[in-house]
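Undergrad: For reference, the structure I am asking about is given below.
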Amino acid sequence: MSINLKNLISVLDAKWTGPDTDIFIDHISIDSRSLQNGSKTLFFALSGANNDAHLYIPELIEKGVQNFVVHHIPKNSEGKANFLVVKNTLTALQQFAGYYRDLFDFPVLGLTGSNGKTIVKEWLNFLLSPDYNIIRSPKSYNSQVGVPLSVIAINEKHNLGIFEAGISTVNEMSKLENIIKPTIGVLTNIGSAHDEGFENLEQKIKEKLLLFKKSKVIIYQKNELVDQCLRTFCEEYPIKDRVLFSWSFGDSSADVFILEKEIKNEKTIVQYQYQSDFFDLEIPFSDSASVENTISCLLVLLYFNYDFETIQNRMQMLYPVEMRLEVKNGINNCSIIDDSYSSDFQSLKIALDFLESQQKRNATKTVILSDIFQSGFSNEELYSKVAQLIADNKVNRVIGIGKTIASFAAKFPNIITFENTAEFISKFESLNFNNETILIKGARSFQFEEIVSLLEEKTHETVLEINLNSISHNLNFFKAKLNPAVKIMVMVKAFGYGNGGLEIAKLLEHHKVDYLGVAFADEGISLKNGGIKLPIMVLNPESTSFPSIIQYQLEPEIYSIKGLKAFLKIAREKNLKDFPIHIKLDTGMHRLGFEENTIDELIETLKGNTTVQVKSVLSHLATSDEMKHYDFVISQINLFEKLSSKLIAELNINPIRHILNTSGISNFPAAQYNMVRLGIGLYGVSNDPSEQKYLENVSTLKSIISQVRKIPTGDSVGYGRRFMAEKETKIATIPIGYADGIARLWGNQVGYVMIRNQKAFIVGSICMDMLMVDVSEIDCKEGDSVIIFGESPTVIEMAEALKTIPYEILTSISQRVKRVFFR
Ligand SMILES: *Cc1c(COP(=O)(O)O)cnc(C)c1O
């Protein structure tokens, strides 16, 4: 990409200010953390759902970024860089992408539908890549932001595009159409589910079809409703000689008519009729969704005039698709980012940004990379670009696998190369992987899944998946409730409410929250050791931990005269000056804090003191989640007002005041003072059902089926024979038990897990490391995924049944359960 900034002023309908427009842009970014940002980057400062990127502009200018699209110029940045000021930066990004798309003229496939878009896209890429230089959306980049970013990655060597478009409500598709402008439309499974954003199925289909306004061919599964919508659509958006190319299981008037479907040994044979010939196609899957997705691909290949033999050969090699980038725990304190099924330049760029955002302090950044195929560039050009990208990203070690990358080793700093995966595996031990964040990227033929399995930490198959995007969403939901200038402290005590302290703290640091709160000093120390720079308040500092609190620059909450005196003594010995402390007042919770009758002594002790500085004064509400105790909350707030005002007046200080936790933020917005302390809400739980629906589920506890068996009538299951089969029953065993934090009370048909979207009740007593469920009605097998909690059952539902609160469910999940973070 090389675009003159001057041309963009009219494209984006922008006002320009700054030193220089005669600049050529070669990179677009919306990610302030990316190490790929540079002087030729055009940075779009998006603001909205997740973050306001305008906040990062001063930092970015310091790092050398010179060109920004903004909706306002941040204070003190005027004149220091080029600014294109627009009304809406997201719209500008989309306008830019549309403009950029018009610079290219090759066939572009546009995929939409309710299910299967990403899989069909990945498979089409695999099926067509021997013959084309394909640009495709990475992973599931199909949103209002993802689509423009995908399209911007087109370069002059590409000769086929495959992009997916996802929408959640009306009026969204036209914007995406304007960016992708597909010449070939593919409608994947449309689903019958009622989507919240649409009045009905017909409206949903009509909206999706808008992607195909300029498509010369539309590929779809025939059914009455779709046909009817297509008729109106084609009248409204006519295109000369447009082809409707359809398939169907039941309707012989479809262009491709599937006569028979037979499942054998996890494979499916479909017999289809096309242009009066019959074919038997073998598909390497047995589930119906995969079969439908394969047939969508089949139609594209037929439209491209591939012969049956080629189609069959390539289809046999189709594979399951990983939908997103994940971080997994690896051996020897390594973290692994598994992107083992793709190697192309664009997805490498994205994966490197992800690597940077997941980087652990002091860890080595390592990339394991195979040969890259079909880039369109000469190898010389390609590997120069890759080497440059790797160098820009400050990767410490590169492991190249494949003859081609090996022959360009000289271009890379710190590279070790191997001819093939087998050679790498034979030398694996000598490579000493240790305290590294490792990105694994390889073309499918290199079978890097074997490398992933060597590097992955071997634990049982139970994981707690944490969705970092949902955390951002929930944070912003609560932030939006705050008055301007009110600060936010986020509680990450108890290992981020069971979800993983460091990873969440890093995300919060990125979102520029003001404070973190932990319960004990060692929790704070491990965050500081992990590289967290935000100030951290320790709620419950023991006097024995004071020296390390000081050493690690943690900030103690002081709640008694005794504690204060002990801290002052150490502070004096160490000659501290203005060391930040937080004063906790007891206004009715009766847990920790200075009571009213100790305030005078507190004031006496602090007066004239210069070793410490009262950073904040706080108290904690006992019943902010229960409106029946409304009056009690108000009495707490009033007492807090009185006592804190007295402290402030008599000590002549100006501390941050804070009293609200999550439900306080929702129910007592008038008491925000200067800061609030967000806890459980961040993790997706509210005490109020009307608020709950705006929060996103953060944690999903998953396991697998270890074994399936049938037991006859009259047999029992588990310890104590507490389940007796009244009929022949199919039982699945799942390797998670009370030692992992699943309460025994959840057993014996009180609780259930989800398998293939169906409820499977727990039968018999939960064991230490296992539990058994009734799967008589569920078509499932060993190795299938099991959801213990998440979207369903929710932790709220579990807590109700177990007569506890979601906090306890979340924080009980034992540390032996692996945490996996994803976006
Ligand atoms: C845990 C805690 C919070 C957060 O409470 P939530 O109900 O999870 O929002 C706030 N303040 C103090 C002192 C806490 O201990």
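Undergrad: Please verify whether the stretch 115-127 includes one or more residues that are at pLDDT below 90, over 25 Å from GLN221 (Cβ atoms) and under 26 Å from the mean Cα position of the chain (by Cα).
TA: Taking every residue of the stretch 115-127 in turn, none turns out to be at pLDDT below 90, over 25 Å from GLN221 (Cβ atoms) and under 26 Å from the mean Cα position of the chain (by Cα).
Undergrad: Give me a count of the residues in the stretch 729-758 that are in contact (Cβ under 8 Å) with a residue 24 or more places away in the chain and in a strand (DSSP E or B). Even if it seems obvious, please write down each step before you answer.
TA: Keep residues of the stretch 729-758 that are in contact (Cβ under 8 Å) with a residue 24 or more places away in the chain, which gives 729-743, 745-756.
Subset that is in a strand (DSSP E or B): 729-734, 752-755.
Looking only at that region, the number is 10.
Undergrad: Let me ask you something else. If the requirement is being surrounded by 15 or more Cβ atoms within 10 Å (Cβ to Cβ), free of Cβ contacts under 8 Å to residues at least 12 places away in the same chain, outside any strand (DSSP E or B) and assigned by TED's automatic domain parsing to the domain that holds VAL120, which of these qualifies: CYS297, CYS229, CYS234?
TA: CYS234
Undergrad: Which condition number does SER703 fail, the rest of (1) assigned to a strand (DSSP E or B); (2) within 16 Å of the ligand (Cβ to nearest atom); (3) among the small types (Gly, Ala, Ser) being met?
TA: (2)
Undergrad: Here are the criteria: (1) under 38 Å from the mean Cα position of the chain (by Cα); (2) over 24 Å from ILE184 (Cβ atoms); (3) among the hydrophobic types (A, V, I, L, M, F, W, C). Tell me which single one MET315 does not satisfy.
TA: Among (1) under 38 Å from the mean Cα position of the chain (by Cα); (2) over 24 Å from ILE184 (Cβ atoms); (3) among the hydrophobic types (A, V, I, L, M, F, W, C), the lone unmet condition for MET315 is (2).
Undergrad: Would you check which residues across the stretch 596-630 are charged (D, E, K, R), farther than 15 Å from ILE659 by Cα and either more than 43 Å from the chain's Cα centre (by Cα) or outside any loop (DSSP other than H, G, I, E, B) (or both) and list them? So that I can check it myself, show each step before the final result.
TA: To start, the set of residues in the stretch 596-630 that are charged (D, E, K, R) comprises 596, 600-601, 604, 607, 615, 625-626, 628.
Subset that is farther than 15 Å from ILE659 by Cα: 596, 600-601, 604, 607, 626, 628.
GLU596, ASP600, GLU601, GLU604, LYS607, LYS628, listed by residue number.
Undergrad: Can you tell me how many residues within the stretch 531-559 are in contact with a Gly (Cβ under 8 Å, 6 or more places away or on another chain) and of a type in the set (Gly, Ala, Ser)?
TA: 1
Undergrad: Can you find a residue in the stretch 23-44 that is surrounded by 15 or more Cβ atoms within 10 Å (Cβ to Cβ), among the acidic types (Asp, Glu) and outside any helix (DSSP H, G or I)?
TA: yes
Undergrad: Determine which member of the set ILE416, ILE438 is under 18 Å from VAL386 (Cα atoms), surrounded by 14 or more Cβ atoms within 10 Å (Cβ to Cβ) and in contact with a Cys (Cβ under 8 Å, 6 or more places away or on another chain).
TA: Details: ILE416 fails: in contact with a Cys (Cβ under 8 Å, 6 or more places away or on another chain).
Testing whether each residue is under 18 Å from VAL386 (Cα atoms), surrounded by 14 or more Cβ atoms within 10 Å (Cβ to Cβ) and in contact with a Cys (Cβ under 8 Å, 6 or more places away or on another chain) leaves just ILE438.
Undergrad: Something else now. So which residues in the stretch 355-372 are touching a strand residue (DSSP E or B) at 6+ places or on another chain (Cβ under 6 Å) and assigned to a helix (DSSP H, G or I)?
TA: Correct list: LEU355 only.
Undergrad: How many residues does the stretch 508-530 hold that are within 15 Å of the ligand (Cβ to nearest atom) and closer than 19 Å to LEU468 by Cβ?
TA: The qualifying residues number 3.
Undergrad: What number goes with the only condition from (1) farther than 23 Å from MET489 by Cβ; (2) more than 16 Å from the ligand (Cβ to nearest atom); (3) loosely packed, with under 15 Cβ neighbours inside 10 Å; (4) touching a residue at least 12 places away in the same chain (Cβ under 8 Å) that THR611 does not pass?
TA: Every listed condition holds for THR611 apart from (3).
Undergrad: Moving to a separate point now. Starting from the stretch 537-565, keep only residues that are over 19 Å from HIS620 (Cα atoms), then list their pairs with residues that are part of a loop (DSSP other than H, G, I, E, B) and within 16 Å of the ligand (Cβ to nearest atom) whose Cβ atoms are within a distance under 6 Å, requiring at least 6 positions of separation or different chains.
TA: ILE549/PRO541
Undergrad: Restricting to the stretch 644-658, and then to whatever is away from the ligand (no atom under 16 Å from the Cβ) and in a helix (DSSP H, G or I), can you tell me which residue is nearest to VAL685 (Cα to Cα)?
TA: For the stretch 644-658, the residue satisfying everything is SER645.
Undergrad: Of all residues in the stretch 617-638 being hydrophobic (A, V, I, L, M, F, W, C) and more than 22 Å from LYS487 (Cβ to Cβ), which is farthest from the ligand (Cβ to nearest atom)? Walk me through how you get there before you give the answer.
TA: To start, the set of residues in the stretch 617-638 that are hydrophobic (A, V, I, L, M, F, W, C) comprises 617-618, 621-622, 627, 632-634, 637.
Right, trim to more than 22 Å from LYS487 (Cβ to Cβ) and you get 622, 627, 632, 634.
Working: ALA622: 11, MET627: 15, PHE632: 16, ILE634: 18 Å.
If we take residues in the stretch 617-638 being hydrophobic (A, V, I, L, M, F, W, C) and more than 22 Å from LYS487 (Cβ to Cβ), then ILE634 is farthest from the ligand (Cβ to nearest atom).
Undergrad: Can you tell me which condition ILE778 does not meet? The list is (1) assigned to a loop (DSSP other than H, G, I, E, B); (2) within 16 Å of the ligand (Cβ to nearest atom); (3) modelled with pLDDT under 95, and all the others hold.
TA: (2)
Undergrad: Is it the case that the stretch 124-135 has a residue that's of a type outside the set (Phe, Trp, Tyr), out of contact with any helix residue (DSSP H, G or I) (no Cβ under 7 Å at 6 or more places or on another chain), free of Cβ contacts under 8 Å to residues at least 24 places away in the same chain and in a loop (DSSP other than H, G, I, E, B)?
TA: Yes.
Undergrad: Could I ask something else about it? With the structure loaded, tell me whether GLU641 is without any contact (Cβ under 8 Å) to a residue 40 or more places away in the chain, within 25 Å of ASN597 (Cβ to Cβ) and of a type in the set (D, E, K, R) or whether it fails that test.
TA: Values: without any contact (Cβ under 8 Å) to a residue 40 or more places away in the chain: yes; within 25 Å of ASN597 (Cβ to Cβ): yes; of a type in the set (D, E, K, R): yes.
Considered against the rule, which asks whether it is without any contact (Cβ under 8 Å) to a residue 40 or more places away in the chain, within 25 Å of ASN597 (Cβ to Cβ) and of a type in the set (D, E, K, R), GLU641 comes out as yes.
Undergrad: Looking at the stretch 159-183 only, could you name the residues that are surrounded by fewer than 20 Cβ atoms within 10 Å (Cβ to Cβ) and in a loop (DSSP other than H, G, I, E, B)?
TA: The answer is ASN159, SER168, THR169, VAL170, ASN171, GLU172, THR183.
Undergrad: With (1) over 37 Å from the mean Cα position of the chain (by Cα); (2) among the small types (Gly, Ala, Ser); (3) away from the ligand (no atom under 16 Å from the Cβ) as the list, and SER560 as the residue in question, which single condition is left unmet?
TA: It fails just one condition, (3).
Conditions tested, residue by residue: (1) in a helix (DSSP H, G or I); (2) within 9 Å of the ligand (Cβ to nearest atom).
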{"position": "LEU660", "(1), (2)": "no, yes"}
{"position": "GLY664", "(1), (2)": "yes, yes"}
{"position": "ALA670", "(1), (2)": "yes, no"}
{"position": "TYR673", "(1), (2)": "no, no"}
{"position": "ARG677", "(1), (2)": "no, yes"}
{"position": "LEU682", "(1), (2)": "yes, yes"}
{"position": "ASN687", "(1), (2)": "no, yes"}
{"position": "SER690", "(1), (2)": "yes, no"}
{"position": "LEU695", "(1), (2)": "no, no"}
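Undergrad: Let me ask something else about it. So the check is Cβ under 7 Å with 6+ separation or different chains; which pairs have a first residue in the stretch 379-408 that's over 19 Å from ILE440 (Cβ atoms) and a second one that's of a type in the set (Lys, Arg)?
TA: SER384/LYS411
Undergrad: State all residues of the stretch 501-556 that are β-branched (Val, Ile, Thr) and either farther than 21 Å from LEU355 by Cα or not assigned by TED's automatic domain parsing to the domain that holds PHE567 (or both); if no residue qualifies, say none. Let's see the steps before the verdict.
TA: Going residue by residue through the stretch 501-556, those that are β-branched (Val, Ile, Thr) are 504, 513, 518, 525, 532, 536, 538, 544, 549-550.
Selection gives VAL513, VAL518, ILE525, ILE536, VAL538, THR544, ILE549, ILE550.
The values are calculated or read from the model by the stated rules, or taken from the named source; none is laboratory data. None of these values were measured; they are calculated from a predicted model. Note that we place each Cβ from the backbone using ideal geometry, even for glycine, and neighbour counts take in every protein chain shown.
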